[in-house]
Each structure stands twice: as structure tokens, then as C-alpha cells.
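Trainee: My questions will all concern the structure given below.
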Amino acid sequence: MWSRVLAVIVKELRQLSRDRMTFAMIVMIPLVQLILFGYAINTDVRHLPAAVVDMSDSSYSRALIQAVTATQVVDFSERLSNVHQAETAITNGQIKAALVIPVDVGERLVRYSSGHYMTEPVAQWLVDGSDTVVASTIKGLRKMPMDEVLGNPHSEGVPTLEVVQYFNPEQRSVVNIVPGLLGVILTMTMVLFTAVAIVREREQGNMEFLITTPIRPFELMLGKIVPYVIVGFVQVGIILGVGHRLFAVPIRGGLDSLALAALLFILASLTLGLVISTVARTQLQAMQMTVFVLLPSILLSGFMFPFEGMPQVAQWISEILPATHFMRMARAIVLRGAEVANLGYDVLWLLGFTLVGLAVASLRFSKRLD
Amino acid sequence: MTELAVETQGMTRLFGSNKAVDSLDLAIPKGSIYGFLGPNGCGKSTSIRMLTGLLTPSAGTIRVLGEALAGNEERLRRRIGYMTQKFSLYENLRVTENLNFVAQIHGVPRRQARERVAELLTLYDLTGQHKQLAGSMSGGQKQRLALAAATLHQPELLFLDEPTSAVDPENRREFWERLFDLCAQGTTILVSTHYMDEAERCHGLAILERGIKRADGSPKQLMAQMGARVVEVGGDDLRTLKQRLTQQPAVLSAAQIGSRLRVLVRDDEGDPVQWLQPLIAGRTLEEVRPSLEDVFVTCTGARAHPAPRESSHVE
Ligand SMILES: Nc1ncnc2c1ncn2[C@@H]1O[C@H](COP(=O)(O)OP(=O)(O)O)[C@@H](O)[C@H]1O
Ligand SMILES: [Mg+2]
């Protein structure tokens, strides 16, 4: 039995090493996706062009401007003398936002720090709302603590809501995206490669010869999977290596934990590919079915939108997908330094998925042509 | 009674409403080379796939090597070899890699496998190509490699589906020499073909047309029993003569071969030379020995011409 499995593995690796196209895909898919997602899909907003309308022109207002500038969210490129000018500049698209500081900003700040409930805001932002990301970023500045503006090291009486951010303190989305990309890219390549690897043999006629030999379906399935586990690890290495170098994504957890999680996910994805290969008749069908799995894996796994915010039905679907479980594990390990041992539920789930998938594929694979 | 390697009764296979193979009865004795002769689409591959357990027959029973095929496929597959019509080894593997793979799948121990592969390379004249990728070889080389792979585990029964369709005549003759060698070692061979000269080499053969067996027997028997006699006519203007003759109900076919017209006359007309004499206006006449092609034409062509396929639905 094992010699037959080994024979299939060796054969598959040989073929893979001679197939330049697949070889290129193994390397290029993760690289291109990583660079695309890493650079383009950047939801961190910085250095928005903004103006300031300072009607008080006091030490308070200057301190306030300095504090806002320090957040790096906006660059005050212009000083305007009234609100009307600011509105025009926003309409023309010269600036995205304007900070309007009233004449009595000093008194307002004092009231604020003495613990009065804020009846009047300290200052006002005018924002270009046509870009929702910009608008929500500026809204984020609304709760900016004002203590530093007043020069108080700590304001005693004011119970301001304090947000303490663990992990990823700079709020860079790329840090969150890279572990998620691991899941997306592996889903795409692992499912596709195995599905196509078997369907292609059927399409090209190799299967007709192979199934008249004593090989057992389970042996064939196992032999087809193992080489792609190696391919999967190559891709994990590329994504994490490049993510680490290019985007300084930290890897807090142990590499052994991450490798184990990746192994489980790769196996689950590969068996999913096997199941697809027993259904698809042509390579094109296999690709279409892969996309059918890939889309929910991107949209519902927590890669794009937070899992917790999804409607109940979407959460159920997402719980079925191996990508969801892997993404949870990858983020926990890469960003929070968790261990595989802390993630028992996801581990068991991926293991179960693999075993059931392998059984289904072996049973469905028939050594017949009809 | 001789032992049978393959025995079928009423073997039938439907694809939708299309009968690819229709109630085929076969009795192929062990140790012989048996041929399936017929045009493309007549059901040769479908029959072989049923006999190798790849397709389930819609009706009928199959016995292979003395056992019922149904339920025993896995065990029987160790004793049979199958060379598919389309090259089914791996084009991006080298010759030896392909053969080693097949040996491992058949569970041949490593040392024995090495010897067997070397032996096959010599036997099928592939020693010079052993490092070449299978996909880059010529038709004849691919065919020899496929035969080597199909016989690696020394099967008792070998199925060859149109093995020589991509091979030149020189290599074809060489290939048949190898088949006779195998046969002499006791292997039963079932080979499909649409070449008459190949069919003529078989010990026995079945002529298939649209899934139906039109005739079977040894080539000699078939020629003796074909129910027509063959006359060759020489002279001028054979094209018009051909048109005139084919209108006669007793003429099964008239085909020009070089400067002669080969005419098949039903044998219930008595002496064909005498019967033809008044129709040919002083051209020369000679009765000749029938060929397998004549058998084929009498079995199939005669029926095919007056009633094309679709007309059967109209009636
Ligand atoms: N898998 C299939 N599905 C549907 N029809 C088929 C299939 N295989 C063969 N056929 C049909 O069965 C008939 C016999 O085909 P085949 O056995 O391949 O002929 P041959 O090998 O003699 O050329 C043809 O009409 C062909 O179209
Ligand atoms: Mg065929």
C-alpha cells in the first residue's frame, strides 16, 4: 500500500517540477496577491489635506492645532480666515476637512477640563463626507483627549472613555490582512491544484489506464495530496516572509504553532479539492467550483468583514468553511501570540473536515468510467 | 472444448438511447489473437471497456479468464493488461520513470522491477530513449512504450485498443511480431483495428458495425462464407461500367482498384463470370480470391448504402 502511495507522490512531484506554468503560479499567486492587498487595500488614512480656520488665534488654539497635527491624520496645508472659505475649498476638493476654532476656544477648553458636561464642543470639523473612509477617520478624531492641549499631564475629574488598544497599536490594516491572505491564497491554490490535478488526468486519458491497475482510490487520493502539502508550505513561507519584510508584519506566536495550523488548513483545503475532483468533469468545471468555494471564503471568513457583525445565516455558512477556522487561528497566532493548544475547537474542526472529506472523496471516486 | 479467455452473452451498452454495443456474444479461446474489426464509432472501445470492467454493461453477462467479471473486477485486473486507444502514460515523465511508476503501482519488488524495466526497454527497442520525455517521442515509440507498460506485470489477457492507428506500416509489422511473441508465450490478445491487413493476421475476429456483430470466425472461414464471389474487370471507361453494375441487385459492390474494377457478385447467381459476361461489353474478366475487405463490404457496406442510418426512424 505505502509503496503505491509513494509511487504516486514521486510521480506527482516529478510532474510538478516539469510543469513551469503551475510552478510559476505557486510562487506568483501569493506574491501578487500580497503586494496588491498590502499596498492597495490600505484603510489607514493618513496625511489628509486639511485647512484650519483659527478665529481665536490664541495659545490655546495653537496648542490644539499642534495636538491634531501630532495625530498625523491630517496635514494642515492652509490657513483660511472664515468658514465660508473653508466650505468652498472642500467643495473644490482642495482639502478633505477643515478645523474651525471658535474665538472662545480657551474658555471652552477650561470648561471641558473642569468636568462640565460638554454642552458646546471645543472646536468644529468640517468634513468632505463623499468619501466615507475619510469621514469616519475624522469622526475618530472627535473623541481626541484634550488634556495635552491644556498642558495638564492628567486631568483628574474628567472620566473620559479610554480605549486601550492591544496588538497592532498603529491600527495598520496590512497587519491584519496578511494572516487573512494566508487563508485566502491557500484556499485558492490548494483547492484548485488538487481538483485540477485529478480532473486533468481524467481529461487527458491517464486515468483510464491508472484505474485498470490495482491502485486503490484511497492510495491515489493520499498520493495526490502529499505533494501539495509541500507546495502549501512553500506558499506559507512566501507570504509570511514577504509580509514580514515588506510590511513588517510581526509574527508573535511560535512558528511551530503556525506551521501546525497551516498544515491542518492545507489538508482540509486539499481534501475539499479532492471532493470537487470527483464531481467536476472538466478542468473548467473544477475551476468554477473552486471559485464557488473561494468567494465565501473571502467574504464570509472574517477576512473582509468581522465575523461577529455578520447575520446569523452567514455565520453558519462561514463556520463550515475551513478558511474561517484557519483565519481565526492565524490571526491569533501571528498577531496575538496564541498557541495551537489554545485553539482546540478550530483544530478539531479542521481535522474532522479533512477526515470526512478524505472518506467522501475515496468513496465517491470510482474505478469506472460510467 | 478449449478454454475461453473471454465469454459474453448479450453484452449491451446504451448511452442514452444510443446503443453503442448491441447484444454481443463472444467466445475467445485462450492463447489466440482475436480482432475487433470495424469503422470508427462501431463500439470497439466500448466493448473493450466493458470487458476490462471500466464500463458496466446495460445488459448481458461477461466472463473473463473463467470468472464472472461482475464483482471480481479488482482481482481480474491484476491478470489483464490494457493499452488504451489514446496514449495514457504521462507525457512529462521520462520513459523509465513511466515504467518504474507502473511497476510500483503493480507492487513489483524494487529489484525485480529494475530487471523487468531493463528487459522491456530492450524488447521494445526503447533503450536509446530511456531518458526521453514520453511526450516528445514518435507515434511508434509511444506505442511501444504503452505496450511495455501494459505487459509489465505479465498479464494473461491483453486488450489493445487500436494500437497501431498512429504508426507507420514498417513499425506496424514490427509491432505485430511482438504480439505473436506474446501470444507464443501464452498471452491471449484482443486487439481492435480498422485496418484490414491487421485483421487478417488475427486467429479469429468479429466484424462490428454500429454495435452489432455482423460476422465472426477466422479470416479464412469468413472469406469462404461471405456469400459472394469476386470478379475483376479490366478495360476502358470503368466509371460508367461501375454505375451500370451497381444498379444490378446481384452486385453487392463495385470498386475501382487501379485500372481494374473489383465486383462482388452474390453467389446465388451461379458462375459470376458467366453472369457478368453480357453486361461488360467485351472487357476482360477474371475471378479472384476474396480478401477480408470483400468480407467487410458484404457484411456492412451492402446494408449501409440503401438504408442510411436515419431512415430506420422514419419507417
Ligand atoms: N462516454 C460516452 N458517452 C456517450 N456516448 C458514447 C460514449 N462513448 C462512446 N459513445 C458512443 O458509442 C458509440 C461507440 O463508440 P466507441 O466504442 O468509442 O467506438 P469505436 O471505438 O469503435 O470507434 C459511438 O456512437 C460513440 O459516440
Ligand atoms: Mg475506439
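The values are calculated or read from the model by the stated rules, or taken from the named source; none is laboratory data. Predicted model, so just to flag it, every value in this text is computed and none were measured. Neighbour counts run over all protein chains shown; Cβ positions are idealised from the backbone, glycine included. Surface areas here come from the heavy atoms of the whole protein model, side chains and all, with no ligands, DNA or RNA. Shrake-Rupley method; radii C 1.70, N 1.55, O 1.52, S 1.80 Å.
Trainee: Restricting the range B:1-18 to residues that are open to solvent by 10 Å² or more (accessible area, probe 1.4 Å), more than 16 Å from ligand 2 (Cβ to nearest atom) and touching a Lys or Arg at 6+ places or on another chain (Cβ under 8 Å), which is farthest from B:Pro155 (Cα to Cα)? Working first, answer last.
Mentor: Step one: filter the range B:1-18 for residues open to solvent by 10 Å² or more (accessible area, probe 1.4 Å), giving B:1-4, B:7, B:9-10, B:12-18.
After this cut, where a residue has to be more than 16 Å from ligand 2 (Cβ to nearest atom) as well, the list is B:1-4, B:7, B:9-10, B:12, B:14, B:16-17.
If we keep only those that are touching a Lys or Arg at 6+ places or on another chain (Cβ under 8 Å) too, we end up with B:2-4, B:7, B:12.
Details: B:Thr2: 19, B:Glu3: 17, B:Leu4: 15, B:Glu7: 18, B:Thr12: 26 Å.
Step by step, filter the range B:1-18, then rank; the result is B:Thr12.
Trainee: Are any residues in the range B:200-226 closer than 30 Å to B:Ser17 by Cβ, buried (at least 22 other Cβ atoms within 10 Å of the Cβ) and hydrophobic (A, V, I, L, M, F, W, C), and if so, which ones?
Mentor: Matches in the range B:200-226: B:Leu205, B:Ala206, B:Ile207, B:Leu208.
Trainee: Any residue that is more than 16 Å from ligand 2 (Cβ to nearest atom), in contact with a strand residue (DSSP E or B) (Cβ under 6 Å, 6 or more places away or on another chain), open to solvent by 50 Å² or more (accessible area, probe 1.4 Å) and more than 17 Å from B:Lys213 (Cβ to Cβ) - is there at least one of those in the range B:30-37?
Mentor: Yes - at least one qualifying residue is present in the range B:30-37.
Trainee: Of the residues B:Arg78, B:Arg111, only one is open to solvent by 70 Å² or more (accessible area, probe 1.4 Å), within 14 Å of chain A (Cβ to nearest Cβ) and closer than 29 Å to A:Ile198 by Cβ; which? Reasoning before the result, please.
Mentor: Values: B:Arg111 fails: closer than 29 Å to A:Ile198 by Cβ.
Step by step, each of B:Arg78, B:Arg111 is checked, and only B:Arg78 is open to solvent by 70 Å² or more (accessible area, probe 1.4 Å), within 14 Å of chain A (Cβ to nearest Cβ) and closer than 29 Å to A:Ile198 by Cβ.
Trainee: Give me the residue from the range A:232-256 that is modelled with pLDDT of 85 or more and open to solvent by less than 10 Å² (accessible area, probe 1.4 Å) and, out of that set, nearest to A:Leu181 (Cα to Cα).
Mentor: A:Ile239
Trainee: Of the residues B:Ala118, B:Ala103, B:Ala150, B:Ala134, which is away from ligand 1 (no atom under 16 Å from the Cβ), open to solvent by 30 Å² or more (accessible area, probe 1.4 Å) and among the hydrophobic types (A, V, I, L, M, F, W, C)? Reasoning before the result, please.
Mentor: On the way: B:Ala103 fails: open to solvent by 30 Å² or more (accessible area, probe 1.4 Å); B:Ala150 fails: open to solvent by 30 Å² or more (accessible area, probe 1.4 Å); B:Ala134 fails: open to solvent by 30 Å² or more (accessible area, probe 1.4 Å).
So the residue among B:Ala118, B:Ala103, B:Ala150, B:Ala134 that is away from ligand 1 (no atom under 16 Å from the Cβ), open to solvent by 30 Å² or more (accessible area, probe 1.4 Å) and among the hydrophobic types (A, V, I, L, M, F, W, C) is B:Ala118.
Trainee: Moving on. Filter the range B:48-64 down to residues that are within 19 Å of B:Leu179 (Cβ to Cβ) and either more than 16 Å from ligand 2 (Cβ to nearest atom) or among the polar types (S, T, N, Q) (or both), then give me how many there are.
Mentor: Residues meeting the conditions: 1.
Trainee: Another question about this same structure. Looking only at helices (runs of 4 or more DSSP H) that fall completely inside the range A:17-101, which ones have 2 or more residues that are within 30 Å of A:Tyr228 (Cα to Cα) and either without any contact (Cβ under 8 Å) to a residue 60 or more places away in the chain or open to solvent by 50 Å² or more (accessible area, probe 1.4 Å) (or both)?
Mentor: Details: elements: A:20-35, A:59-70, A:83-92.
Fully inside the range A:17-101 and qualifying: A:20-35.
Trainee: Related question: Among the residues of the range B:140-177, what is the count of those that are at pLDDT below 95 and of a type in the set (Ser, Thr, Tyr)?
Mentor: 2
Trainee: Moving on to the next point. Scan B:Val167, B:Val191 and give me the residue that is assigned to a strand (DSSP E or B) and either open to solvent by 10 Å² or more (accessible area, probe 1.4 Å) or touching a residue at least 12 places away in the same chain (Cβ under 8 Å) (or both). Even if it seems obvious, please write down each step before you answer.
Mentor: On the way: B:Val167 fails: assigned to a strand (DSSP E or B).
None of the others qualify; the one that does is B:Val191.
Trainee: Of the conditions (1) touching a residue at least 24 places away in the same chain (Cβ under 8 Å); (2) among the acidic types (Asp, Glu); (3) more than 20 Å from B:Ala27 (Cα to Cα), B:Glu177 fails just one. Which one is it?
Mentor: (1)
Trainee: Take A:Val229 and decide whether it is more than 22 Å from A:Leu272 (Cα to Cα), surrounded by fewer than 18 Cβ atoms within 10 Å (Cβ to Cβ), of a type in the set (A, V, I, L, M, F, W, C) and away from every other protein chain (no Cβ under 14 Å).
Mentor: Numbers: more than 22 Å from A:Leu272 (Cα to Cα): no; surrounded by fewer than 18 Cβ atoms within 10 Å (Cβ to Cβ): yes; of a type in the set (A, V, I, L, M, F, W, C): yes; away from every other protein chain (no Cβ under 14 Å): yes.
The answer is no for A:Val229.
Trainee: Give just the number: which of (1) more than 7 Å from chain A (Cβ to nearest Cβ); (2) among the hydrophobic types (A, V, I, L, M, F, W, C); (3) in contact (Cβ under 8 Å) with a residue 40 or more places away in the chain does B:Val117 not satisfy?
Mentor: If we test B:Val117 against (1) more than 7 Å from chain A (Cβ to nearest Cβ); (2) among the hydrophobic types (A, V, I, L, M, F, W, C); (3) in contact (Cβ under 8 Å) with a residue 40 or more places away in the chain, just (3) comes out false.
Trainee: With the requirement that a residue be part of a loop (DSSP other than H, G, I, E, B), more than 16 Å from ligand 1 (Cβ to nearest atom) and open to solvent by less than 40 Å² (accessible area, probe 1.4 Å), what does the range B:81-99 give you?
Mentor: Of the residues in the range B:81-99, the ones part of a loop (DSSP other than H, G, I, E, B) are B:84-93.
Those still in the list that are more than 16 Å from ligand 1 (Cβ to nearest atom) too: B:89-93.
Listed by number, the residues that qualify are B:Leu89, B:Tyr90, B:Leu93.
Trainee: Has the range A:331-342 got any residue that is outside any helix (DSSP H, G or I), within 15 Å of A:Leu267 (Cβ to Cβ) and among the hydrophobic types (A, V, I, L, M, F, W, C)?
Mentor: Start the filter on the range A:331-342 by keeping residues that are outside any helix (DSSP H, G or I), which leaves A:337-339.
Subsequent filtering for residues that are within 15 Å of A:Leu267 (Cβ to Cβ) retains none.
Within the range A:331-342, none of the residues are outside any helix (DSSP H, G or I), within 15 Å of A:Leu267 (Cβ to Cβ) and among the hydrophobic types (A, V, I, L, M, F, W, C).
Trainee: Looking at this structure, is B:Arg63 in contact with a strand residue (DSSP E or B) (Cβ under 7 Å, 6 or more places away or on another chain), over 30 Å from B:Arg173 (Cβ atoms), among the charged types (D, E, K, R) and open to solvent by 10 Å² or more (accessible area, probe 1.4 Å)?
Mentor: On the way: in contact with a strand residue (DSSP E or B) (Cβ under 7 Å, 6 or more places away or on another chain): yes; over 30 Å from B:Arg173 (Cβ atoms): yes; among the charged types (D, E, K, R): yes; open to solvent by 10 Å² or more (accessible area, probe 1.4 Å): yes.
Yes.
Trainee: Looking at the range B:99-114, I want the residues that are over 15 Å from A:Val10 (Cα atoms) and touching a residue at least 40 places away in the same chain (Cβ under 8 Å) and have a partner that is acidic (Asp, Glu) and not in a loop (DSSP other than H, G, I, E, B) with Cβ atoms under 8 Å, at least 6 apart or on another chain. Which pairs are those?
Mentor: Within 8 Å, no pair qualifies.
Trainee: Ok, one more. Can you spot a residue in the range A:80-97 that is of a type in the set (Lys, Arg), in contact with a helix residue (DSSP H, G or I) (Cβ under 9 Å, 6 or more places away or on another chain) and not assigned by TED's automatic domain parsing to the domain that holds A:Leu181? So that I can check it myself, show each step before the final result.
Mentor: Keep residues of the range A:80-97 that are of a type in the set (Lys, Arg), which gives A:96.
Next, from what is left, pick out any that are in contact with a helix residue (DSSP H, G or I) (Cβ under 9 Å, 6 or more places away or on another chain): A:96.
Next, from what is left, pick out any that are not assigned by TED's automatic domain parsing to the domain that holds A:Leu181: A:96.
Checked the range A:80-97: at least one residue is of a type in the set (Lys, Arg), in contact with a helix residue (DSSP H, G or I) (Cβ under 9 Å, 6 or more places away or on another chain) and not assigned by TED's automatic domain parsing to the domain that holds A:Leu181.
Trainee: From the residues in the range B:42-74 that are small (Gly, Ala, Ser) and farther than 15 Å from B:Glu162 by Cβ, which one is farthest from ligand 1 (Cβ to nearest atom)? First the steps, then the outcome.
Mentor: If we filter the range B:42-74 for residues that are small (Gly, Ala, Ser), which is where we start, we get B:43, B:45, B:47, B:53, B:58-60, B:66, B:68, B:70-71.
Remaining after also requiring farther than 15 Å from B:Glu162 by Cβ: B:53, B:58-60, B:66, B:68, B:70-71.
Values: B:Gly53: 15, B:Ser58: 12, B:Ala59: 15, B:Gly60: 15, B:Gly66: 26, B:Ala68: 23, B:Ala70: 20, B:Gly71: 23 Å.
Only one residue fits best here, namely B:Gly66.
Trainee: Now for a different question. For the range A:207-217, check the following and say yes or no: at least one residue is open to solvent by 10 Å² or more (accessible area, probe 1.4 Å), in contact with a helix residue (DSSP H, G or I) (Cβ under 9 Å, 6 or more places away or on another chain), within 14 Å of another protein chain (Cβ to nearest Cβ) and within 17 Å of A:Leu264 (Cβ to Cβ).
Mentor: No, the range A:207-217 contains no residue that is open to solvent by 10 Å² or more (accessible area, probe 1.4 Å), in contact with a helix residue (DSSP H, G or I) (Cβ under 9 Å, 6 or more places away or on another chain), within 14 Å of another protein chain (Cβ to nearest Cβ) and within 17 Å of A:Leu264 (Cβ to Cβ).
Trainee: Filter the range B:38-56 for residues that are open to solvent by 40 Å² or more (accessible area, probe 1.4 Å) and in a loop (DSSP other than H, G, I, E, B); which is nearest to the other protein chains (Cβ to nearest Cβ)? Steps first, please.
Mentor: As a first pass, look at the range B:38-56 and keep what is open to solvent by 40 Å² or more (accessible area, probe 1.4 Å): B:39-41, B:49, B:56.
Subset that is in a loop (DSSP other than H, G, I, E, B): B:39-41, B:56.
Working: B:Pro39: 21, B:Asn40: 17, B:Gly41: 17, B:Thr56: 6 Å.
Among those residues, the one meeting the criterion is B:Thr56.
Trainee: On to the next question. What do you reckon, is B:Leu157 within 13 Å of chain A (Cβ to nearest Cβ), open to solvent by 10 Å² or more (accessible area, probe 1.4 Å) and of a type outside the set (Lys, Arg)? Walk me through it before giving the result.
Mentor: Values: within 13 Å of chain A (Cβ to nearest Cβ): yes; open to solvent by 10 Å² or more (accessible area, probe 1.4 Å): no; of a type outside the set (Lys, Arg): yes.
So B:Leu157 does not fit the description; no.
Trainee: Something else: Go through (1) surrounded by fewer than 20 Cβ atoms within 10 Å (Cβ to Cβ); (2) over 18 Å from A:Gly183 (Cβ atoms) and name the single condition A:Leu351 misses.
Mentor: The failed condition is (2).
Trainee: Of all the strands (runs of 3 or more DSSP E) wholly in the range B:211-284, which have at least 2 residues that are more than 24 Å from the chain's Cα centre (by Cα)? Spell out the reasoning first.
Mentor: Numbers: elements: B:212-217, B:228-234, B:251-257, B:260-266.
Per the criteria, B:228-234, B:251-257, B:260-266.
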